[in-house]
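Below is one structure; the comments refer to it alone.
Quick note: the coordinates plus some simple rules give every number you see, no bench work behind them. Bear in mind that the values here come from a model prediction, so they are computed numbers and not experimental data. FYI the Cβ positions are ideal-geometry reconstructions off the backbone, even for glycines, and counts take in every protein chain you see.
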Amino acid sequence: MKTPFSLVVCAWAFAGCALTNYTMVKPYTSGREVGSTTPMTKSVVWKKLELKPTLRNEPEAVAVKKNGYGMDTAYVFTNPKPQEWLTQAAKVEFQSVGLDMAGNGADDPSISIVVDQFFAEPDVSVWGADMTAVTVLDVTVNLPKQGKTFQRRFVGEDNSFEMVWPDSDFDVRLLKRAQLAFHEAAQETRKLIDGEGI
């Protein structure tokens with residue numbers, strides 16, 4: 001009869017190698033419910049999205065893989081690179097709430113985003129790991145006609161215990177946390193613009 005420990009070891013062995021890097025190729029998709037309606041379109045100027053790397057030695061890594069001792073052994077990347085992946089996420093969600101990101105008028109609101117964190121990692125213990133994924137967005141909306149600038153932080157975070165964390169788990173968790181943060185940011189930005197009578 002196999003012990004619980006041996007079962008966990010076997011599960012780890014088949015969940016994806018902790019020693020090899022992994023690349024997410026899943027594109028960003030909206031977290032909106034199917035069938036929800038898009039409000040009247042309003043033009044906004046898309047300024048930029050800046051990503052602050054979490055790891056200095058691997059600035060394009062969006063997650064770490066760890067061995068049974070909790071040591072970092074490999075990294076998770078995105079294809080396309082994280083800044084492009086996140087920029088696409090922003091455009092998908094902002095357009096889904098009726099904000100046309102191709103605006104260029106002098107009086108059009110402008111939006112810029114700093115991604116303070118987009119990362120996932122397992123906190124390994126004897127029986128499994130607490131898998132944490134987080135997306136932190138600092139959104140700045142400038143309203144030139146009103147002479148106002150607004151800044152707000154949006155956070156998508158998840159933490160759960162898992163006995164097995166295959167490579168595909170990074171895809172799911174990073175996507176869901178990004179969806180939560182970007183969708184809320186888009187909704188609240190639309191409310192702000194509507195509330196200012198634009």
K47 to N159: extension gain in nm, 0.36 nm per residue of separation minus the Cα-Cα distance? 37.1 nm
Along Cα→Cβ, 7 Å out, is where each label goes; now give me the distance between the ones at K145 and T29 in nm to one decimal. 3.7 nm
Dividing the alpha-carbon radius of gyration of segment 74-118 by 2.2 N^0.38 Å (N being the number of residues), what value is obtained? 1.43
Pairwise Cα inverse-distance average, inverted: Kirkwood Rh of segment 75-198 (Å): 15.8 Å
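At a 10 angstrom cut-off on C-beta neighbours, averaged per residue, how do the peptides 173-179, 66-72 rank from highest to lowest?
Per-residue mean Cβ counts within 10 Å order the peptides as 173-179, 66-72.
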Inter-site label distance for E188 and N104 at 7 Å from Cα along Cβ, in nm: 3.1 nm
